[in-house]
Amino acid sequence: MVRVQELLVVQHIEREGPGLLAQVATERELAVRILRPFAGDPLPDALRPDQILAVMGGPMGVADLGDPAFPWLEPLVILLRRALADERPVLGFCLGAQLLAHAAGGGAIPLTVGDPPLPHREVGFGAISFTRTPAEEPLLQDLPASLLVLHWHGDRIELPPAATLLASSLTCPEQLFRIGSRTFGLQCHIEVTAAALERWIVEDASFVRAALGAGGADRIRAEAARWLVPVTPLWRILLHQLMNCCSSDCNST
């Protein structure tokens, strides 16, 4: 297998960058290259064997494919399909995971809760529970059975037939999935730094208010003050494990 040398990041909006993921890649002596197609950066036609592709989050969605406001989404889906066909490693975060699922034959739909179902935005810190053990899934080595993460979405993923579900939350079943042994999608966020989170709160204030009410911003800041420092080492472990699997084709049992 060709040694991985570069993390290629596709960013959909300025505030949602690779954060901790880029730090982990740098620690692993990988080059980090960020493409901002919203600012005109072209996407490659295919991934090189020595690259890992990371597709970050954003306020747009699978339903926006074909919208002239986001002309890069359709070429990105083509790139993801090519990466899957070539068995190249891919990490998708939030929107990136939804686009990955779509490219693999699944999709994304509005998140709802209750009976009758009502629209729901999952925003703020909350737990995900892993659906497999570390013995079954090498990705989960050195992690507890559940993990506190940051949620920031109003859609849920429809898993493609090739996907294996690895984690769920109480209100959104599809939080982490694997396709093959080198491609992973995360609906949740484990890449966010404290500085980035504050920017999200400020710049995405209307989404926070719609999800949590008028005091939502202060609630997330309070949660971050309590949880972000202690949980970040666990996020870094999972990010390293993701990079291990993307780099070395770790196999589940």
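Some notes on this structure:
- Tally, over the stretch 41-58, of residues that are out of contact with any helix residue (DSSP H, G or I) (no Cβ under 6 Å at 6 or more places or on another chain), in a loop (DSSP other than H, G, I, E, B) and buried (at least 17 other Cβ atoms within 10 Å of the Cβ): 0
- Selection count where residues are within 24 Å of residue 47 (Cα to Cα), surrounded by 22 or more Cβ atoms within 10 Å (Cβ to Cβ) and either over 17 Å from the mean Cα position of the chain (by Cα) or of a type in the set (Val, Ile, Thr) (or both), scope the stretch 89-130: 1
- Condition check for residue 206: of a type in the set (Gly, Ala, Ser) and at pLDDT below 95: no
- Considering residues of the stretch 1-34 that are small (Gly, Ala, Ser) and in a loop (DSSP other than H, G, I, E, B) only, the residue surrounded by the most Cβ atoms within 10 Å (Cβ to Cβ): 19
- Residue check: residue 65 meets all listed conditions (1) crowded, with 18+ Cβ neighbours inside 10 Å; (2) in contact with a Leu (Cβ under 7 Å, 6 or more places away or on another chain) but one, namely (1).
- Which listed residue, of 150, 140, is within 14 Å of the chain's Cα centre (by Cα) and either at negative phi or crowded, with 18+ Cβ neighbours inside 10 Å (or both): 150
- Total residues in the stretch 28-70, condition closer than 22 Å to residue 88 by Cβ and free of Cβ contacts under 8 Å to residues at least 12 places away in the same chain: 3
- For the stretch 201-223, the set of residues classified as more than 20 Å from residue 156 (Cβ to Cβ) and in contact with an Asp or Glu (Cβ under 8 Å, 6 or more places away or on another chain) consists of 221 only.
- Flag if residue 208 is among the β-branched types (Val, Ile, Thr) and closer than 29 Å to residue 32 by Cα: no
- Condition check for residue 97: small (Gly, Ala, Ser), in a helix (DSSP H, G or I) and farther than 22 Å from residue 174 by Cα: no
The values are calculated or read from the model by the stated rules, or taken from the named source; none is laboratory data. Just so we're clear, the structure is a prediction, and the values are computed from it rather than from any experiment. Methodologically, a virtual Cβ is constructed for each residue, glycine included, from the backbone with ideal geometry; neighbour enumeration extends over all protein chains shown.
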